[in-house]
1. Among (1) part of a strand (DSSP E or B); (2) among the acidic types (Asp, Glu); (3) under 19 Å from Leu385 (Cα atoms), which single condition is Glu84 missing?
2. One residue is enough: does region 5-28 have a residue meeting the conditions open to solvent by 30 Å² or more (accessible area, probe 1.4 Å), in a helix (DSSP H, G or I), among the aromatic types (Phe, Trp, Tyr) and closer than 24 Å to Ser91 by Cα?
3. Looking only at region 51-84, count every residue that is touching a helix residue (DSSP H, G or I) at 6+ places or on another chain (Cβ under 8 Å), of a type in the set (Ser, Thr, Tyr) and surrounded by fewer than 19 Cβ atoms within 10 Å (Cβ to Cβ) and tell me the total.
4. For residues that are crowded, with 19+ Cβ neighbours inside 10 Å and of a type outside the set (A, V, I, L, M, F, W, C), tally how many sit in region 198-238.
5. Looking at region 294-312 only, could you name the residues that are open to solvent by less than 50 Å² (accessible area, probe 1.4 Å) and either in a helix (DSSP H, G or I) or over 30 Å from Ile12 (Cα atoms) (or both)?
6. On the basis of being in contact with a Gly (Cβ under 9 Å, 6 or more places away or on another chain) and either open to solvent by 60 Å² or more (accessible area, probe 1.4 Å) or over 23 Å from Phe260 (Cα atoms) (or both), does Ala317 make the cut?
7. In region 54-76, is there at least one residue being in a strand (DSSP E or B) and in contact with a strand residue (DSSP E or B) (Cβ under 8 Å, 6 or more places away or on another chain)?
8. From the list Ala135, Ala119, Ala149, Ala142, which one is open to solvent by less than 10 Å² (accessible area, probe 1.4 Å) and out of contact with any Asp or Glu (no Cβ under 8 Å at 6 or more places or on another chain)?
Amino acid sequence: MDGRLTSLLARITGEVRGLAVVDGETAYIRDPVFPVVRNRVHAEVVKAMLRAGGDPLVEPILNYVAECQNPSGSWNELHVNYSEPSALITSFIGDALLEAADRYPHEEALTKARDFVLAAERRPGYFLKSSGYTADHLNVDASCGAFLARYAERYDDPEARAAAERAAENVVSHQRDGFFPYAVDKGTYPYVFDIPCVHYQGVTIYYLAKINDVLHDERVERSLAEGVDWLAAAQRPDGRFDWSRSGLSFAYYLSGAYAFAHASFTYASRYDDRYREHADLCLDRLDASAEGLVPRWEPGGWPGLLPSVATAAKTAALGSYPPGHRAFRFGYGMYREIARRRYAETAETRSFEALCRVLRIRSSTVEPSKNFPDLFMTSEVLDCLSQSGIWGNHA
């Protein structure tokens, strides 16, 4: 594994370890900003620890996670305003249990997770994220497919493998001009978010690549190559992404985009060496911003605020939406442009909550008015970069 990558992983893991609360044979990771204990965070941190060779916290964290499993076999997706059983989160935790299965087996929990995710398939390759968010999200399909593919590989499960193949087919079939849309139908959203997004492009590539590590399908490999090409074209020479090409408001400038892109470029470098430079540029951005925990959004300087007006206007214009929604998207973009340039150790959310009440916005998360140290983004970074180390070793 690259020395700089190893150093960054060790530094971030050390910060996260300091947030662990050990209670007998269980442990959980305390969020320093929000009063939530997220199942997904535990899954991603555990995977990074296992890939680094192990950690004494792995077993007690997995014990805690096992206790949080619902009778249905699911785990809840937890945000500040939202807690529902989710196939997406269940697939992440199932993947962590697979990663740990040789050393810390939780066979019953793993089997129940497999059954729940399989039952979440509503159409061929479309996996329901949760009852509150019913659109066909391609990143969810890829994530569920990745867990089922790995489960099928370990346990020689033809039903799980067939479902993973359908997930891959659904994702690939909706790709166009290189990008994977965030969602391909309306579901419970007010509009169809059939638009490109830099962050979720990397997410979808990441999990689709994990599916294809098992399937070895040439069509999927071609789709991944086209997806990585699109992502590379959205990256500027200094490593920053051109966010005017990214139309999903709530994922605007998320710092985790650089971690998913790093893993995607590292995967692609196995067949095209030119992507190593793109991966290195992503690592530069993460290394510069992660002094402790990773900030929620890519930081920015005040001199760039005026040019960012054009960026926000371009991203608001992506997709076919009525003028009122485009105006909302532009306002959301400028709110984010200002927030990412300010920093606080805690999250001020009152202004966003008031705005939601006035505009009757339904949001599972909150949008603080200042950038902040984000455990959620940090756990994604740990997962992606540790997986990059594995893919890089097999290049």
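1. (3)
2. Within region 5-28, not a single residue is open to solvent by 30 Å² or more (accessible area, probe 1.4 Å), in a helix (DSSP H, G or I), among the aromatic types (Phe, Trp, Tyr) and closer than 24 Å to Ser91 by Cα.
3. Residues that pass the stated criteria total 1.
4. 12
5. If the condition is that a residue be open to solvent by less than 50 Å² (accessible area, probe 1.4 Å) and either in a helix (DSSP H, G or I) or over 30 Å from Ile12 (Cα atoms) (or both), then Gly304, Leu305, Ser308, Thr311, Ala312 are the ones that fit.
6. So Ala317 fits the description; yes.
7. Scanning region 54-76 turns up at least one residue that is in a strand (DSSP E or B) and in contact with a strand residue (DSSP E or B) (Cβ under 8 Å, 6 or more places away or on another chain).
8. Selected residue: Ala142, the only one of Ala135, Ala119, Ala149, Ala142 that is open to solvent by less than 10 Å² (accessible area, probe 1.4 Å) and out of contact with any Asp or Glu (no Cβ under 8 Å at 6 or more places or on another chain).
The values are calculated or read from the model by the stated rules, or taken from the named source; none is laboratory data. Not measured: the values here are computed from a predicted model. With ideal geometry, Cβ positions are generated from the backbone for all residues, glycine too; neighbour counts draw on all protein chains shown. Just the protein is used for accessible areas: all its heavy atoms, side chains included, with ligands, DNA and RNA removed. Shrake-Rupley method; radii C 1.70, N 1.55, O 1.52, S 1.80 Å.
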